[in-house]
Amino acid sequence: MLNLTSIFIISGRLETIKYFIFIISLIFLLGCPKKEKIPVLKGSETPTYGGSFVLDSISDPKSFNPVIAKETSTTMITDFLFEGLTQINPFTTDMEPRLARSWEYSPDGKIWTFHLRENVKWFDGRQFTADDVVFTYNDLYYNPDIPTSARDILTIDGKRIKVEKVDTYTVRFIMPKPFAPLLFALGMEIMPKHILEPMVKAKTFNSAWGVNTPPDKITGTGPFMISEYIPSQRVVLKRNPNYWRTDKTGNGLPYLDSIVILIVPDQNSSLLKFQAGETDMISIRGEDYAVIKPTEAKGNFTIYNTGPTFSTTFLFFNQNPKAIPQYKLRWFTNKKFRQAIAHSVDKETIINNVMAGLAFPQDSALTPASKFFYNPDIRKYEYNLDKAKSLLQEAGFKNKGGRLYDSEGHHVEFTLFTNSENNQRVNIGNIIKSDLDKLGIKVNFVPIQFNTMVTKLDATFDWEAIIIGLTGGVEPHNGRNVWHSSGQLHMWNPRQAKPVTTWEAEIDRLFEDGATELDKEKRKKIYHRWQEIAAEELPVIYTVTPAALYAVRNKFGGIKPTSLAGVIPYIEEVYLKK
Amino acid sequence: MIRYILHRFINMIPLLFGITFLSFGIMKLAPGDFLSQMALNPLISSETIELMRKQFGLDQPWPIQYLKWLWGIIHFDFGYSFTYRVPVATLITERVLNTLLLTSTAAILAWLLALPLGVYTALWRKSLFDQILSFFSFATISVPTFFLALLGVFFAAKTGWFPTGGAISINYAALSPFDKLCDRFHHLILPAMVLGIGGLGSLLRIVRTNFLEMMRQPFIMTAKAKGLHSNTVTWRHIFPNAINPLITLLGFEIAGLLSGAAFTEIIFAWPGLGRLILEAVMSQDLYLVMGSLFMGAILLILGNLLADILLATIDPRIKLR
């Protein structure tokens, strides 16, 4: 048994657990097949009403307030309850109407008018109107007393968007300048004015709708509403009988009566629960694929591979002149040096050994999951140590007795950090280290604690190379903080007063143009150019992006694989087959 | 006796002060804070993070944060959780009963089995049964609890005899009162057994060793030489002496009741406190960690006090003053 003092060393023990689990999974994995074709959906059935869909979540929701709480175990629940004016089409990644019926904008692109649906009701029966929209933006997202990251997305050059009511079902958004990501930003949840306004006035909004709120007080417009929450056990959602959407034949949606989300903190237990038939859908880790695949027929479920995700893992070098020795800075700011390193990243081995075969090599700053803006025709860096050697030679490095020296005679050696909590990154680091070894480069690979790494990146800058990952999304503008030279997450050399290099200046320009260009095709060109520069200059060296795998019981209809929304493009269209 | 207990309670105050001060300091020594996780989110600006830091009071020097927390504790206010934004007390009370149910069932199971089995193996030392039990106890000591728990869930999933986790079934609300009780019990068996077995091995060894030690004492030989019945020797003279150190151990066991089951809780999806604390430590949810550490400290002190009182009642040589 664990006693009180052990709490302090738990994080250390978790590592041991992961290690054990890894060993055990390895035993299961031996001799199992890899990489199989994605199954295609069987014919369509007519949907029926009723039934319950059981999922699991790794952690409790932290709140039922989507303005304040943004982490995934919370949004997993609140996404069923609340809706925005727009939403992303999970198949095309285009923006499509949700609470807004349609929109148009003025020729200068600064005034956008949104026409709202007139048949939307809050859970308590009140009509949804323009007042709710105006309240949500002006009194919640733009309220300085409310700590919400949503405000950062809605701020253009430090200025806010003016939101005003035109009539009961029309709102107008007036911007300081044209802002292409607006439609994406307006996917944010709209909240009920008649319930929340008193809380905002009483300054209690920040703790409103916490997990201790009675379920019937949480009021949204979404297809499902909360019927029960038992802490650390489950959240039960029930059908919203007044939901505005109907299917093709005019029948009300959603089809399902209820959704049950079990809270299962351990991923191995979650897998066993699915195998025991207690849950209907599970997201599968690469290492579990070989265990679960053979039971597909017996368990009456299908595994879907929805392809590359938005998740990235990359290596990058410190190019901040204030923080590291000058001669090392000269290596790291040398494009050829970075390109040579990129050619020595063995993506195939990483995919097979670290990701259990379920990942894709990544070269572009966007993953293929972002469909529309993804540029496949950029410079690619296949694993080729000979190319790496000749690039290093061109850059003036010399190999003597198996060790690489720069033109001034310094041995090429650097420290590589990653966060020790992430096994995949640690394994990727080891593979890169052993390949760089073959080039005569000495890598001191040191996994450190996540928060220590953040401090180095954000404040002290005393690092040489780091492997981390970020999760992107459909809207490329969301990467501005990383790619604009003034961004705080422009990690290789953050918060530049003005761009140090010409290519950084060009990327800055592209991101500014991309934010104001309203023509889709022109925008696409802009972001394609950015990906080209990023692949040529390599401020960050990408490795692989994992595939997403889901297993769903065959008794459910309305299941379609998408890279954006897993296998459930629209939850209200999921139904139980008879 | 009453004076002694009062005295101990007064001693508790500086002790609690010291424990909480140290814990707070150690939490603060860890790099970063609750908001560090957000620093790598491209969609959150550093201004927003600073605003949150200010609202949580994390921008002040830590001794001031500590004093503010202490001031709250004096008024029975444990503060707000950063993650959940609800009072810490609400979060803890929701889960504390579940944890107590699991850990006390496991502890009772372990003690009820360890005492008779320990005595039996000591009396019949080197018998086949003793050797089997020795093997068993060393096996349970060396296998980590989380692994036993994983085996437990695996067993449940494969046989279908037990639920694979959670504390109640999905249709719990629709059950009759008797079925509700059965349902709870059905969910409790496996995790309690895993946790109980985890504790049983070492307890059993301690009982056995203590008992053997006492059997070799000269006064036992004297008693036997005087012609006392062997049952009388065993239960009147060896047993009370042999369990003395165990009572001290019982005091610690009480302290472990709140936090002792984190891994079992995680793997069995048991809605307990250990899980909550673990998550809180990981995310540096300061006041939630402090709140639960505070309760753990109080239980530890009370457990020790209880053990001392028990010792005094059982052992005539010990007097409390």
Output for the stretch B:20-31, where each listed residue is surrounded by fewer than 18 Cβ atoms within 10 Å (Cβ to Cβ) and either touching a residue at least 60 places away in the same chain (Cβ under 8 Å) or more than 8 Å from chain A (Cβ to nearest Cβ) (or both): B:Phe21, B:Leu22, B:Gly25, B:Lys28, B:Leu29, B:Ala30
Criterion (more than 25 Å from A:Glu83 (Cα to Cα) and either modelled with pLDDT of 95 or more or among the hydrophobic types (A, V, I, L, M, F, W, C) (or both)) met by exactly one of A:Leu576, A:Leu518, A:Leu538: A:Leu538
Sole residue being among the aromatic types (Phe, Trp, Tyr), within 14 Å of chain B (Cβ to nearest Cβ), in contact with a strand residue (DSSP E or B) (Cβ under 7 Å, 6 or more places away or on another chain) and assigned to a strand (DSSP E or B), chosen from A:Phe417, A:Phe445: A:Phe417
Yes/no for A:Phe114 being over 17 Å from the mean Cα position of the chain (by Cα), crowded, with 16+ Cβ neighbours inside 10 Å and over 20 Å from A:Ile174 (Cα atoms): no
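Counting only residues that are among the hydrophobic types (A, V, I, L, M, F, W, C), in a helix (DSSP H, G or I) and over 25 Å from the mean Cα position of the chain (by Cα), how many does the stretch B:1-35 have?
Within the stretch B:1-35, residues that are among the hydrophobic types (A, V, I, L, M, F, W, C), in a helix (DSSP H, G or I) and over 25 Å from the mean Cα position of the chain (by Cα) number 5.
Rundown of residues vs (1) out of contact with any strand residue (DSSP E or B) (no Cβ under 7 Å at 6 or more places or on another chain); (2) at pLDDT 90 or above; (3) under 30 Å from B:Thr90 (Cβ atoms), yes/no style:
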site	(1), (2), (3)
A:Gly220	yes, yes, yes
A:Pro223	yes, yes, yes
A:Ser227	no, yes, yes
A:Tyr243	no, yes, no
A:Asn268	yes, no, no
A:Thr279	no, yes, yes
A:Thr302	no, yes, no
A:Gly307	no, yes, no
Checking A:Glu71 against (1) of a type in the set (Asp, Glu); (2) more than 14 Å from chain B (Cβ to nearest Cβ); (3) free of Cβ contacts under 8 Å to residues at least 12 places away in the same chain, the condition it does not meet: (2)
Selection from the stretch A:152-186 of residues that are part of a loop (DSSP other than H, G, I, E, B), farther than 21 Å from A:Arg101 by Cα and touching a Ser or Thr at 6+ places or on another chain (Cβ under 9 Å): A:Lys177, A:Pro178
Evaluation of A:Ser102 against (1) of a type in the set (Ser, Thr, Tyr); (2) out of contact with any Phe, Trp or Tyr (no Cβ under 7 Å at 6 or more places or on another chain); (3) in a loop (DSSP other than H, G, I, E, B) (one fails), failing number: (3)
Test: residue in the stretch A:514-530 that is within 25 Å of A:Asp152 (Cα to Cα), crowded, with 20+ Cβ neighbours inside 10 Å and touching a strand residue (DSSP E or B) at 6+ places or on another chain (Cβ under 9 Å): yes
Residue selected from the stretch A:456-484 under the condition assigned to a loop (DSSP other than H, G, I, E, B) and under 22 Å from the mean Cα position of the chain (by Cα), by the criterion farthest from the other protein chains (Cβ to nearest Cβ): A:Val474
Among (1) surrounded by 20 or more Cβ atoms within 10 Å (Cβ to Cβ); (2) part of a loop (DSSP other than H, G, I, E, B) - the single one A:Pro569 does not satisfy: (1)
Any hit, the stretch B:110-131, residues being at the interface with chain A (Cβ under 10 Å from one of its Cβ atoms), assigned to a helix (DSSP H, G or I) and not basic (Lys, Arg): yes
Test for A:Ser227: is it touching a residue at least 24 places away in the same chain (Cβ under 8 Å), closer than 19 Å to A:Thr74 by Cβ and touching a Leu at 6+ places or on another chain (Cβ under 8 Å): yes
Long-range neighbours under 8 Å by Cβ, at least six apart or interchain, first residue in a helix (DSSP H, G or I) within the stretch A:420-436, second of a type in the set (Gly, Ala, Ser): A:Arg425/A:Gly469; A:Val426/A:Ser420; A:Ile432/A:Ser344; A:Asp435/A:Ser344; A:Leu436/A:Ser344
Flag if B:Glu94 is under 20 Å from the mean Cα position of the chain (by Cα), within 14 Å of chain A (Cβ to nearest Cβ) and modelled with pLDDT under 85: yes
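The values are calculated or read from the model by the stated rules, or taken from the named source; none is laboratory data. For clarity, every value in this text was computed on a predicted model and none was experimentally measured. Positions of Cβ are generated from backbone atoms using ideal geometry, with glycine treated the same way; all protein chains shown enter the neighbour counts.
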